[in-house]
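Peer 1: Take a look at the following structure, please.
The numbers here are math on the coordinates, done by the rules we state, and not lab data. Fair warning: this is a prediction, and the values are worked out from it, not measured in the lab. Here the Cβ positions follow ideal geometry from the backbone for every residue, glycine too, while neighbour counts run over all protein chains shown.
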Amino acid sequence: MNEARPDLSVALEAYLGYREHPCPGNHWNAVVAALGPARAQEIEVPMLGVLADLDAIKPDWRLQSLDQASEAAAREIRARYADIDERAGKALFWAYSYGYK
C-alpha cells in the first residue's frame, strides 16, 4: 500500500533528486511529475522557502562534525515545518551535507 505523504515532503525529495541522482540538484520536472502541474505550482514557493531556511543555517565547525551539523540542520527544519516527513528529512540532510563537502 502506498502511504500518502505531504506535498511538501514529496516536492523536496523530488526537487533535490534524493535517491535518484548522485548529488543534490534543482529537478523541477521531477516535482511536476510527482505532484502534477497544479499541485507543483502551489508547493513551489513553500518548498523554496524551506530550502532557503536550510541554507541559512550555519554550522559551528568548532563544535560540530559534518554529520552532526547536517543532522542538526535537518532536525531544525523538521521542527519548523510539520509537513516534512522522515524521508524528506533525509533528503535535507543529504543536501546540506553535500553543500559543505
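Peer 1: Give me a comma-separated list of calculated 3J(HN,Hα) values for the stretch 57-64, in order, Karplus coefficients 6.51, -1.76, 1.60 applied at θ = phi - 60°, integers in Hz, x for any Gly or Pro.
Peer 2: Once rounded to whole Hz, the list reads 7, 9, x, 9, 5, 6, 10, 10.
Peer 1: Ratio to report: Rg/Rh of the chain, with Cα atoms as the point set and Rh obtained by the Kirkwood method; give two decimals.
Peer 2: With Rh from the inverse mean 1/r over Cα pairs, Rg/Rh is 0.97.
Peer 1: I'd like the FRET efficiency for Asp67 and Trp28, computed as 1/(1 + (r/R0)^6) with the beta carbon distance as r and R0 of 30 Å, rounded to 0.05.
Peer 2: Using R0 = 30 Å, I get an efficiency of 0.55.
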